[in-house]
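Report on one structure; see the data block that follows.
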Amino acid sequence: MTTTTPSYADDAPAVRCDNLVHVYGTPGAEVAALRGVDLLVRPGETVGLVGPSGAGKTTLLWHLAGLLKPTAGTVEVAGHRLANMTPRDLASLRLREIGVVLQNPGRNLLPYDSAVANILFAQRPTRRSRAAKRRRALGLLEAVGLGGAATRIAGQLSGGEQQRLAVAVALANSPGLLLADEPTSQLDPVSAQAVLELIRAANVDNGTTVVAVTHDEAAAVALGRTVTIRDGRVGAEGRAGEDYVVVGRDGTIQLPPDLLEGLPPGTLARAVKHEHGVDLRRVYQPGEGHDQDGDR
Ligand SMILES: Nc1ncnc2c1ncn2[C@@H]1O[C@H](COP(=O)(O)OP(=O)(O)O)[C@@H](O)[C@H]1O
Ligand SMILES: [Mg+2]
C-alpha cells in the first residue's frame, strides 16, 4: 500500500532549527522576529520557551507547527524539513503527529460545535471506533475539568474553559509533538495544575515531546529544560532551575540582563581564558578614553 503519510523517523530529533530567521512585513517596514535560532529538542523532552514579550516565542512556535515559512535557515520536525513538504503532507503530519495550542484559545476550536464534538473532530484521522473516540473525548474533558461541559458550545465557553478544551483537542490523537503557546495563561492555579499534569501524563505515558511557551516560572521549571528567547535568539538555557548562557554558532553570547549593569553595551572587555572557560573583564566603559585601564 502506498501512502502520503509522512513517516516518523525514530532516530531523528523531535525538533531541529538551524540558524532560523524570520522577518515579518514588507520591504522598508520589516521586523526581524527571529535572528538565527539554533534549537535541538530530542524525542521525549519537555521544553519551556520563556523570555520577554515580543522576543519571538510565538513566531518560533508557529515555525515548529509549519504555519510560517522561514526567511532563512531550516526547521525540521521528526526528521522532516517542513519547508520542503507539500501542503498535503504537511497537513497530514500536523493532523497526526503535532498537537498545537495557539496563544488565542478560541482559534484552536470549532466555535459552533460542542466541546465533545471538537475532540471527536480532532480524531478524524485515527482508526478508532466511534465508541473509542467518544471515550477518549470524555476522558480528556474529565482530565481538564470540563467533564460537565461536554455538550456546551465551544464558542460560548469562557476563555479559560476554551484554553482547557484546546489542550484536550491538541492531545486527542496522542501526538508525537505537542506545541503549546501559553496554555495556562488564563487559568486559575488549580486548573493550570490540571492542564500541566495532563501534559506531563502525555509525555510520560505516550512519550509526547513538549515545547510550551510559558510565563509561569513554576511551569517552566517543572518542564525540566527552559530555553530563553531574547531579541529573536536563544539567549539562555535552564536545566533543573539553573540558568546558563548559550554560546552561539558564531561565538556570540547574550549576557543575562542582570549582568549588563556591570558590562553595559559598548563595553570593551578582555576575554581571559582559564581552566574552566573564559572570564570577561571590563577594560573600557562605553565612551571612555583608551588611556584608562579598568582591568583589575
Ligand atoms: N504578524 C506580524 N507582523 C509583523 N510583526 C509581527 C507579527 N507577529 C509578531 N510580530 C513582531 O515580531 C516580534 C516577535 O513577536 P512574537 O513572536 O509574538 O513574540 P512573543 O511571543 O515572544 O511575545 C515582535 O516584535 C512582534 O511585534
Ligand atoms: Mg507570544
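Worth a mention:
- Residue in the stretch 235-244 that is under 23 Å from LEU34 (Cα atoms) and modelled with pLDDT of 95 or more present: no
- Counted residues, the stretch 33-65 - those being away from ligand 2 (no atom under 16 Å from the Cβ), touching a His at 6+ places or on another chain (Cβ under 9 Å) and not in a strand (DSSP E or B): 0
- Pick from the stretch 193-214, criterion away from ligand 1 (no atom under 16 Å from the Cβ) and β-branched (Val, Ile, Thr), ranking: nearest to the chain's Cα centre (by Cα): VAL210
- Inside the stretch 75-105, residues that are of a type in the set (S, T, N, Q) and assigned to a helix (DSSP H, G or I) make up a count of 2.
- Filter result (touching a Gly at 6+ places or on another chain (Cβ under 8 Å) and open to solvent by less than 30 Å² (accessible area, probe 1.4 Å)) within the stretch 28-45: ALA33, LEU34, GLY36, VAL37
- Matching strands (runs of 3 or more DSSP E) fully within the stretch 206-296 where at least 3 residues are free of Cβ contacts under 8 Å to residues at least 12 places away in the same chain and open to solvent by less than 90 Å² (accessible area, probe 1.4 Å): 268-274
- If only residues of the stretch 106-162 that are assigned to a loop (DSSP other than H, G, I, E, B) and among the polar types (S, T, N, Q) are counted, the one that is farthest from GLU182 (Cα to Cα) is SER129.
- Test: ALA220 is within 16 Å of ligand 2 (Cβ to nearest atom) and closer than 23 Å to LEU60 by Cα: yes
- Residue count for the stretch 66-113 under the criterion of being surrounded by fewer than 20 Cβ atoms within 10 Å (Cβ to Cβ), within 16 Å of ligand 2 (Cβ to nearest atom) and either among the aromatic types (Phe, Trp, Tyr) or in contact (Cβ under 8 Å) with a residue 60 or more places away in the chain (or both): the result is 1.
The values are calculated or read from the model by the stated rules, or taken from the named source; none is laboratory data. Computed from a prediction, not measured in an experiment: that's the story for all the values here. As a convention, Cβ positions derive from the backbone with ideal geometry for all residues, glycine included, and neighbour counts pool all protein chains shown. SASA here: full protein model, heavy atoms, side chains in, ligands and nucleic acids out. Shrake-Rupley method; radii C 1.70, N 1.55, O 1.52, S 1.80 Å.
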